[in-house]
1. Which members of region 146-178 meet the condition of being in a helix (DSSP H, G or I) and surrounded by 16 or more Cβ atoms within 10 Å (Cβ to Cβ)?
2. Consider Pro94 carefully, then state whether it is over 15 Å from the mean Cα position of the chain (by Cα) and at pLDDT below 95.
3. Residues of region 239-262 being at pLDDT 90 or above and among the polar types (S, T, N, Q), which ones?
4. What strands (runs of 3 or more DSSP E), lying completely within region 229-321, carry at least 1 residues that are within 16 Å of ligand 2 (Cβ to nearest atom)?
5. Which one of these is away from ligand 1 (no atom under 16 Å from the Cβ) and either buried (at least 24 other Cβ atoms within 10 Å of the Cβ) or not assigned by TED's automatic domain parsing to the domain that holds Ile211 (or both): Leu122, Leu131, Leu118?
6. Please pick out the residue among Ile34, Ile64 that is in a strand (DSSP E or B) and without any contact (Cβ under 8 Å) to a residue 60 or more places away in the chain.
7. With the structure loaded, tell me whether Thr181 is surrounded by fewer than 21 Cβ atoms within 10 Å (Cβ to Cβ), assigned to a loop (DSSP other than H, G, I, E, B) and hydroxyl-bearing (Ser, Thr, Tyr) or whether it fails that test.
8. For the list (1) more than 30 Å from Leu209 (Cβ to Cβ); (2) crowded, with 17+ Cβ neighbours inside 10 Å, I need the number of the one condition that Gln5 fails.
Amino acid sequence: MLTEQAVLQALSSVQDPEIHRDLVSLDMIRDIRISGADVSFEVVLTTPACPLKSRIERECREAIATIPGIGRVEVRMGAKVAASRPMAGPGGIPGVKNSIAIASGKGGVGKSTVSVNLAVALAETGASVGLLDADVYGPSIPLMMGIHRMPEIDSEQRILPLEAHGVKLMSLGFILPDASTPVIWRGPMIAKTLNQFLHQVRWGELDYLLIDLPPGTGDAQLTLSQTLAMSGVVIVTTPQDVAMTIASRVLVMFQNMKVPILGIVENMGTFICPTCHHETPIFSQGGGRKASEHLGVPFLGEIPLDGEVCEGGDEGRPILLRNPGSPASAVLRRVAQNLAGRVSVEALKS
Ligand SMILES: Nc1ncnc2c1ncn2[C@@H]1O[C@H](COP(=O)(O)OP(=O)(O)O)[C@@H](O)[C@H]1O
Ligand SMILES: [Mg+2]
């Protein structure tokens, strides 16, 4: 007689390869149904962007196959995103499971480009995703997501986020009359605006809220680290030594503020020729990976320089949608998966 106990016993030999604990103790096995010698169950992953989905499914099947006399096996793969911190109370945004800051040492390294594409990539997996443009000095999310409208206010005086490409959005750029308006801020105004964007926007239920920060280590970074319990921060950098040195300053600042470092993304380190598709390193290759090893933080991936990435940004149609089969899109999707995996790991730690 096949029992639920026997099924769980067999599945307890399967580990989540990132979290390094077994699926049963992680409570990832649900809805076990037994009929004679046949069994079906659901594996509830900690993110729909799990890069190891097929490996976990295969290992579950192999584990079940060891039960003597087992019949038909049906494995359903589902996901429920784990929340990093308590969502309510100080530091949390009600309904938002994970807030992830995207930071860089200096401007122009592709922070906004990476933010936009990671948001789209996560939304494509079925996760609910928001993107907050916290770069109050140079909001570029409206342009890159192809949307520019004044957001509506509901009866409770809360701002309704706009939505594009399956991602909920808020940016100061929606409110400013045009992109060329200079914004001159003092620290307290930045803090106040960011707090409004976090708490007065009706984000609803979000698995991931990505926050595109201004470059450097200024007021926006301080406000966020002090007032929001973030899942962590992603550092975007180009591979030159100089850029890397500046990036590591930001990294140390977040470490000092006790914000987990989710990983480093290298951008524009190699060039893909549009005619022959050959990939050429522009600077010394592998700088981002080396730096992350040196700094002891995870490396999330390296995005090539590709004219289409830039055009996609200018046209408001991210490369992931414009050319989903391009090498840059493949890398961006992998970076999103790696990031989601890291967020799960951090969430289950806390
Ligand atoms: N991988 C890439 N390939 C080609 N162009 C890129 C890439 N990443 C960013 N860019 C371009 O570089 C410029 C700066 O990127 P942006 O995302 O605005 O940087 P940041 O937000 O760090 O200031 C933009 O014009 C963008 O389209
Ligand atoms: Mg930017």
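1. Residues of region 146-178 in a helix (DSSP H, G or I): 172-175.
Within region 146-178, Leu172, Gly173, Phe174 qualify.
2. The answer is yes for Pro94.
3. Across region 239-262, the qualifying residues are Gln255, Asn256.
4. On the way: elements: 232-237, 261-272, 279-281, 299-305.
Per the criteria, 232-237, 261-272, 299-305.
5. Leu122
6. Unique residue meeting the criteria: Ile34.
7. It is true that Thr181 is surrounded by fewer than 21 Cβ atoms within 10 Å (Cβ to Cβ), assigned to a loop (DSSP other than H, G, I, E, B) and hydroxyl-bearing (Ser, Thr, Tyr).
8. Answer for Gln5: the failing condition is (2).
The values are calculated or read from the model by the stated rules, or taken from the named source; none is laboratory data. Note that the structure is a prediction, hence the values are computed from the model and not measured. Methodologically, a virtual Cβ is constructed for each residue, glycine included, from the backbone with ideal geometry; neighbour enumeration extends over all protein chains shown.
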